[in-house]
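Shown next, in structure tokens, is the structure this report addresses.
The values are calculated or read from the model by the stated rules, or taken from the named source; none is laboratory data. The shown structure was predicted, so the numbers you read here are calculated from the model rather than taken from an experiment. Cβ: placed from backbone, ideal geometry, glycine included. Neighbour counts: every protein chain shown. Remember, those area values only see protein heavy atoms, side chains included, never the ligands or the DNA or RNA. Shrake-Rupley method; radii C 1.70, N 1.55, O 1.52, S 1.80 Å.
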Amino acid sequence: MSEATNNYQLNDVMFTREQIEGRAVEIGRRITDDYAAEEVVFVGVLRGAFMWLSEVVKSVDIETRLDFMVVSSYGDATKSSGVVRIDKDISENVEGMHVILVEDIVDTGTTLHYLKTYLEGKGPASVRICALLDKPSMREHRVDIDYLGFTVGDVFLVGYGLDVGQRYRNLPYLTSVKVEA
Ligand code: PRP
């Protein structure tokens, strides 16, 4: 069945724009306190992280640089092997720098487990993780999330950067979705 034949039924809003923005402000302030006078390189993992990253950095009051990675998975092979293909690497030299990897969701943990190890290989001072959502019931690879928006159950969410079939990333809130044939 192709994506084109699917209908998506959006359910009630799970996290409102105000809830998400409020959490982003709290996290931005925590990052500001944690890094004090240090400079931080924020690395957003596209595409899903674009909206959460932009919200968090607005509340960060330290020197920052922004960079992005684009990654893709190999489907089932990725989940079993923990291999992630990097389609676009970071452009900044992060050697000796503090890095915060920003994601929309940690699901199996495959992506962030791989990317954190990969970035640590570039010799940064530190690598921490900031994620909008944690879905611990799906975890296959250990990921320590330093700055977390919300923990969720085994529900498929869209909005605020998250998609189903590339749709609904622009919604300014998070809602569960049901896929109907
Ligand atoms: C999603 C999400 C994370 C990854 C999390 O990306 O943005 O990168 O899956 O899943 P994991 O913990 O099981 O690795 P997706 O492949 O949907 O791409 P997108 O960011 O373009 O939406």
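Rounded to the nearest Hz, the phi-derived 3J(HN,Hα) couplings of region 52-60 under the Karplus curve 6.51 cos²θ - 1.76 cosθ + 1.60 (θ = phi - 60°) are 5, 4, 5, 6, 5, 5, 5, 9, 9, where x marks glycine and proline. Our summary gives region 17-110 a relative contact order of 34 percent, counting only alpha carbon pairs under 8 angstrom and 6 or more residues apart. Within the accessible surface of region 42-181, defined with a 1.4 Å probe on protein heavy atoms only, the carbon and sulfur portion equals 47 percent. Based on C-alpha pairs under 8 angstrom that are at least 6 apart in sequence, the chain has a relative contact order of 26 percent.
Candidates V84, Y35, S126 compared by Cα position along the dipole of the chain: farthest toward the positive end lies V84, with charges placed on Cβ. Listed by chain and number, the lysines whose C-alpha is less than 21 Å from the C-alpha of K135, apart from same-chain residues fewer than 8 away, are K79, K116, K178. Who wins for biggest fluctuation among T117, T64, T32 in a Gaussian network model of the chain, springs between alpha carbons below 10 Å? Evaluated over the chain, the most mobile residue of the options is T117. Computed about the Cα centre, the dipole magnitude for the chain is approximately 380 debye when only Lys and Arg (+1) and Asp and Glu (-1) carry charge, each at its Cβ. Averaging 1/r over each pair of different alpha-carbon atoms in the chain and inverting the result gives 16.9 Å, the Kirkwood hydrodynamic radius. A crude spin-label estimate for the pair T16 and E38, with each label 7 Å from Cα along the Cβ direction, gives 3.6 nm. Where both bridge residues fall in the chain, DSSP classifies roughly 35% of the beta bridges as antiparallel.
Our estimate of slack between H141 and S59, defined as 0.36 nm per intervening residue step minus the Cα-Cα distance, is 26.5 nm.
Helix 17-35 and the longest principal axis of the Cα set of the chain meet at an angle near 20°. 3J(HN,Hα) along region 161-177, derived from phi through the Karplus expression 6.51 cos²θ - 1.76 cosθ + 1.60 where θ = phi - 60°, amounts to x, 7, 10, 10, x, 6, 9, 6, 4, 7, 4, x, 8, 10, 9, 7, 9 Hz, with x in place of Gly and Pro.
Relative contact order of region 130-169: 35 percent, from C-alpha pairs under 8 Å at least 6 residues apart in sequence.
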